[in-house]
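Trainee: Structure incoming, see below.
The values are calculated or read from the model by the stated rules, or taken from the named source; none is laboratory data. This one's a predicted model, so the numbers in the text were calculated from it and none came from an experiment. Methodologically, a virtual Cβ is constructed for each residue, glycine included, from the backbone with ideal geometry; neighbour enumeration extends over all protein chains shown. Side chains are part of the model used for accessible areas, which takes the heavy atoms of the whole protein and leaves out ligands, DNA and RNA. Shrake-Rupley method; radii C 1.70, N 1.55, O 1.52, S 1.80 Å.
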Amino acid sequence: MKTCLLLPAYNVSRTLKRVIREANLLIGDIIVVDDGSRDKTSQIALACGAVVLKHPQNCGKGMALRTGFDYAIRAGYQLIFTMDSDGQHNPRDLPRFLDRFRQTKPDILIGGRIENRSSMPLHRQLNNKLISTVGSALCGQHVPDFQSGYRLIKADVLKAVSLNTERYETESELLIKAGRLGYRIESIPIRAVYGDEISNIKPFREMRLFTKLLIASFRHS
């Protein structure tokens with residue numbers, strides 16, 4: 001199946017070259033969506049041979065993903081990996097995702113930060129647990145790490161799901177809407193590396209999304 005890796009990127013010139021080069025050993029087609037970076041993110045991505053899509057200003061991770069999804073679908077990709085470009089995710093896990101996909105054929109496969117969740121900063125652990133619990137209930141499937149950006153997604157899912165959010169909650173929106181449409185979501189354990197980066201995930205924004213989706217489901221029931 002035609003497969004690509006999508007990297008939403010914002011001011012990641014320090015880590016992007018290593019991520020692309022390591023990933024390129026395992027997957028040929030890499031798409032970088034530069035979400036209005038002020039550093040050399042786009043130049044580095046181009047020098048590494050990636051396709052670069054650029055937002056003129058910062059629009060949020062969700063919009064970067066949506067831009068990349070639209071491009072990948074138009075380009076005929078059937079499987080789309082997403083991975084953070086700040087070095088948190090290990091590109092060497094890519095073959096493990098593909099092996100699991102071939103075995104069980106899920107519609108979405110998520111890299112769950114289960115093995116080393118205790119190494120997350122405490123506020124991230126609490127937020128991740130809350131969002132994963134509520135999100136799992138809303139999508140109707142158990143997803144132990146709802147916020148992980150390391151995913152393998154069938155293009156058919158992206159064609160069927162209408163995304164409306166623009167920032168980090170877009171990843172949750174995708175899972176909830178896909179789960180409600182009956183698409184199967186599975187998880188595979190990964191290890192993540194946490195540096196000194198600041199999390200931009202806003203739990204209240206996600207809970208607002210959950211509330212809107214819950215109200216909508218009652219209206220249509």
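Trainee: Which of the peptides 95-104, 169-178 is most tightly packed, and how do the rest follow, going by the mean number of other Cβ atoms within 10 Å of each residue?
Mentor: Answer by packing, highest mean first, reads 169-178, 95-104.
Trainee: Right, another one. Between residue 143 and residues 5 or more places away or on another chain, which pairs have amide H atoms under 5 Å apart, with H built 1.01 Å from N, and which residues are they?
Mentor: Result for residue 143 returns 136.
Trainee: What accessible area per residue, rounded to a whole number of Å², is obtained for segment 24-118 using a probe radius of 1.4 Å?
Mentor: It amounts to 45 Å² per residue over segment 24-118.
Trainee: Under the Karplus relation 6.51 cos²θ - 1.76 cosθ + 1.60, θ = phi - 60°, what is the ordered set of whole-Hz ³J(HN,Hα) values for segment 45-59, x standing for Gly and Pro?
Mentor: 4, 5, 5, 8, x, 7, 6, 10, 10, 10, 7, x, 9, 5, 10
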